[in-house]
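Have a look at the structure below, then the notes.
The values are calculated or read from the model by the stated rules, or taken from the named source; none is laboratory data. All values derive from a computational prediction rather than experimental measurement. As a convention, Cβ positions derive from the backbone with ideal geometry for all residues, glycine included, and neighbour counts pool all protein chains shown. The accessibility values were calculated without ligands, DNA or RNA, using every heavy atom of the protein model including side chains. Shrake-Rupley method; radii C 1.70, N 1.55, O 1.52, S 1.80 Å.
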Amino acid sequence: MEPKRIREGYLVKKGSVFNTWKPMWVVLLEDGIEFYKKKSDNSPKGMIPLKGSTLTSPCQDFGKRMFVLKITTTKQQDHFFQAAFLEERDAWVRDIKKAIKCIEGGQKFARKSTRRSIRLPETIDLGALYLSMKDPEKGIKELNLEKDKKVFNHCFTGSSVIDWLVSNKSVRNRQEGLMISASLLSEGYLQPAGDLSKNAADGIAENPFLDNPDAFYFFPDSGFFCEDNSSDEDVILKEEFRGVIIKQGCLLKQGHRRKNWKVRKFILREDPAYLHYYDPAGGEDPLGAIHLRGCVVTSVESNHDGKKSDDENLFEIITADEVHYYLQAAAPKERTEWIKAIQVASRTGK
């Protein structure tokens, strides 16, 4: 009987021989992890046994790479995977940990359908706390803050974090709030913005997190950026990134020239409505941007040449300037979710 598939999707994997990071189609089974060069491949490029393995997350072995997890096998071989965003990494971590625990206990992997409570238990659940902090209505308010002739967009102060924790009764006092905030920082749920908070996080201050109105922080996937006194052209460029991130993840994109398909990390922002795509293996700057205002997005069952395609879950974006983009999701549900999200952004965004 074949092992049960628990989770699958694109992750970026570090090569075991060369220090290159490449997107792989990763499949989590009950007893191991298989990774493929592409989803349609019949045989995996490699397999990682989970029996006796240990999982490290967050893995901070690579300074500029966020959302990395490490699996160490019984033969002391390290395998590194990078997710596209925080919630995706945490979902993989939860399932891998559970799969390892089930192997150790001789149990079958089974999901529980219990509803996750926002109310914190005695042992703080940082993941649940992070989600409640990001709640658009009851969470921490993201602001545009100015300091030293710089504007920090989509961020908040250290003091406001502690204020929120105390007012929501997540902690008993500000000192306990400092401890929890430091844990959120070390786990990657919060990021420092500006010299003051960055220096503290690097160990220059007594506590890595500062209860200070001049110390700025941001959520990793909030659309944060910092701008100086810029030229008009720079301001126009920055305008693309002002929108709040409403969806992100990896998709296949067809190139306009060679018509080849490559995995790209997509970030969808609204108001203004832009879909930026990046090299998932690294790089802070986008490879391109699709302005979604007035666009049309639909499912397609054949490629742009009119020929029936073997690939499934294709969809097309036609911009207001009549530029065509062909994308492929991993599953029908994912395609539907992307289409709906893009349609909303195209109607509401600038």
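Consider Lys37 carefully, then state whether it is more than 25 Å from Leu314 (Cβ to Cβ), of a type in the set (Lys, Arg) and free of Cβ contacts under 8 Å to residues at least 24 places away in the same chain.
Working: more than 25 Å from Leu314 (Cβ to Cβ): no; of a type in the set (Lys, Arg): yes; free of Cβ contacts under 8 Å to residues at least 24 places away in the same chain: yes.
Here the answer is no, as Lys37 does not meet what is asked.
Checking each residue in segment 37-62 for being surrounded by 18 or more Cβ atoms within 10 Å (Cβ to Cβ), farther than 12 Å from Gln82 by Cβ and of a type in the set (Ser, Thr, Tyr) picks out only Ser53.
Screening Asp211 with (1) modelled with pLDDT of 90 or more; (2) of a type outside the set (Gly, Ala, Ser); (3) in a loop (DSSP other than H, G, I, E, B); (4) surrounded by 21 or more Cβ atoms within 10 Å (Cβ to Cβ) gives one miss only, at (4).
Here is the figure for segment 183-200: residues that are over 17 Å from Asn153 (Cβ atoms) and open to solvent by less than 40 Å² (accessible area, probe 1.4 Å) total 5.
For Ile48, the conditions (1) at pLDDT 95 or above; (2) touching a Cys at 6+ places or on another chain (Cβ under 6 Å) all hold with the exception of (2).
Listed by first and then second residue, the pairs linking a residue in segment 61-72 that is of a type in the set (D, E, K, R) to a residue that is part of a loop (DSSP other than H, G, I, E, B), with Cβ atoms under 6 Å apart and 6 or more places separating them unless they lie on different chains, are Lys70/Cys59. Scanning segment 92-115 for residues that are among the hydrophobic types (A, V, I, L, M, F, W, C), out of contact with any strand residue (DSSP E or B) (no Cβ under 7 Å at 6 or more places or on another chain), in contact (Cβ under 8 Å) with a residue 24 or more places away in the chain and surrounded by fewer than 18 Cβ atoms within 10 Å (Cβ to Cβ) gives a single hit, Cys102. May I ask you to verify whether Leu165 is under 19 Å from Asp221 (Cβ atoms) and buried (at least 17 other Cβ atoms within 10 Å of the Cβ)? When the stated conditions are applied, Leu165 does not pass them. Scanning segment 85-106 for residues that are modelled with pLDDT of 85 or more and assigned to a loop (DSSP other than H, G, I, E, B) returns a single hit, Gly106. What are the residues in segment 304-334 that are under 25 Å from the mean Cα position of the chain (by Cα), of a type in the set (D, E, K, R) and either at pLDDT 90 or above or open to solvent by less than 80 Å² (accessible area, probe 1.4 Å) (or both), if any? Across segment 304-334, the qualifying residues are Glu316, Lys333, Glu334.
Among the residues making up segment 11-34, a single one is within 17 Å of Cys250 (Cα to Cα), aromatic (Phe, Trp, Tyr) and open to solvent by 20 Å² or more (accessible area, probe 1.4 Å): Trp21. Selection of strands (runs of 3 or more DSSP E) fully inside segment 1-56 by the criterion of at least 1 residues being of a type in the set (S, T, N, Q) returns 54-56.
Taking each residue of segment 121-138 that is among the aliphatic types (A, V, I, L, M) and looking for partners that are open to solvent by 80 Å² or more (accessible area, probe 1.4 Å) and at pLDDT below 85 with beta-carbon atoms closer than 7 Å, six or more apart or interchain, yields Ala128/Arg116; Ala128/Ile118.
Select from segment 63-84 the residues that are charged (D, E, K, R) and assigned to a loop (DSSP other than H, G, I, E, B) and write down the one among them that is most open to solvent (accessible area, probe 1.4 Å).
Quick first cut of segment 63-84, residues charged (D, E, K, R) only: 64-65, 70, 75, 78.
Pick out the ones that are also assigned to a loop (DSSP other than H, G, I, E, B) and you get 64-65, 75.
Numbers: Lys64: 191, Arg65: 52, Lys75: 164 Å².
Top of the filtered list is Lys64.
Ser53 meets all of the listed conditions (1) under 27 Å from Leu126 (Cβ atoms); (2) under 24 Å from the mean Cα position of the chain (by Cα); (3) not aromatic (Phe, Trp, Tyr) but one, namely (2).
Among the residues making up segment 257-303, a single one is modelled with pLDDT under 90, aliphatic (A, V, I, L, M) and either assigned to a strand (DSSP E or B) or more than 18 Å from the chain's Cα centre (by Cα) (or both): Val300.
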